[in-house]
Amino acid sequence: MGFANRAGGRAGPPAGRDFRVVLGGQAVSALGDAISITAMPLLVLVLTGSGALMGVVGALQLVPDLLLGLPAGALADRWDRRRMMQRADAGRAVLTLAIPVVHWLDGPTMAAILLLAVPINVLRLVSDAGFTSAVPSLVGRENLARASSTMEATLSVPYIVGPAAAGVLVVAIGPASVLAIDAPRSRSRRSRCRSCDAGCGPSAGTATAGAAGRASGPTSPRACASCWATPGCGP
């Protein structure tokens, strides 16, 4: 059963279905993140043969989570989530793709990895914070606890499966190619919210309850909330 809109005791639009669709897309994105996070240290190991440098790069990828998790969440509550996630995903795709390009051009790949590992994961963190902050708009605050538990359980799976998948792909096509294939995945999320722009704006989410009950088109506050909660969108 989907998450229900309990206002007035009646079920609202299928927010639960919307939430599952959005969560499924985010799970696919998380799988790509897990693969990239694993493939980058493996590329270091292939280049240098040094387990120590491999560990350094792995640690650099986690620095943003340790230091910037709370600030990123606070910014997501205040900034335009759509633009925040779009720009973070686009920047992450460009930076990730730069590493295999430098490698294929016989450039200073190790220097590029050390330089870009932290910025790539800062942008990952910013994008994830934007998604998380949009969940209440999608499911309603009365269903937030249930949605959060579902989200945490679902998004833990890619980070279990991802490293194993990365190992198989690295053996099959090499770590640089794995990073190159994964890079466009982040940018592809931008297309999901184009339909929101025509009918939704910051003012749509402030409509009265009566207007919300009468609205049936793309400017419905509930419809806008679903759009804004889609990865890459925000009010």
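The values are calculated or read from the model by the stated rules, or taken from the named source; none is laboratory data. Computed from a predicted structure; not experimentally measured. Cβ: placed from backbone, ideal geometry, glycine included. Neighbour counts: every protein chain shown.
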Q. Can you tell me which residues in the range 149-165 are surrounded by 13 or more Cβ atoms within 10 Å (Cβ to Cβ) and among the hydrophobic types (A, V, I, L, M, F, W, C)?
A. 151, 155, 157, 161, 165
Q) Tally time: how many residues in the range 55-74 are under 14 Å from residue 129 (Cα atoms) and either surrounded by 16 or more Cβ atoms within 10 Å (Cβ to Cβ) or in contact with a His (Cβ under 8 Å, 6 or more places away or on another chain) (or both)? A) 4
Q) For the range 124-148, which residues satisfy the criterion of being without any contact (Cβ under 8 Å) to a residue 60 or more places away in the chain and either surrounded by fewer than 20 Cβ atoms within 10 Å (Cβ to Cβ) or among the basic types (Lys, Arg) (or both)? A) 132, 136, 141, 144, 145, 148
Q: Evaluate the range 90-98: report whether one residue or more is assigned to a helix (DSSP H, G or I), within 19 Å of residue 30 (Cβ to Cβ) and among the β-branched types (Val, Ile, Thr).
A: yes
Q) Given the residues 55, 69, 130, which is the only one that is among the small types (Gly, Ala, Ser) and over 17 Å from the mean Cα position of the chain (by Cα)? A) 55
**Q.** Answer residue from the range 166-202, given it is among the basic types (Lys, Arg) and buried (at least 19 other Cβ atoms within 10 Å of the Cβ) and is modelled with the lowest pLDDT among those
**A.** 189
Q | The listed residue being among the aliphatic types (A, V, I, L, M), at pLDDT 90 or above, farther than 24 Å from residue 159 by Cα and surrounded by 15 or more Cβ atoms within 10 Å (Cβ to Cβ), out of 117, 112, 34, 15 | A | 112
Q. Would it be correct to say that residue 128 is in contact with a helix residue (DSSP H, G or I) (Cβ under 6 Å, 6 or more places away or on another chain), of a type in the set (D, E, K, R), in a helix (DSSP H, G or I) and modelled with pLDDT under 90?
A. no
Q: Answer with yes or no whether residue 156 is of a type in the set (Ser, Thr, Tyr), under 19 Å from residue 40 (Cβ atoms) and either modelled with pLDDT of 90 or more or under 17 Å from the mean Cα position of the chain (by Cα) (or both).
A: no
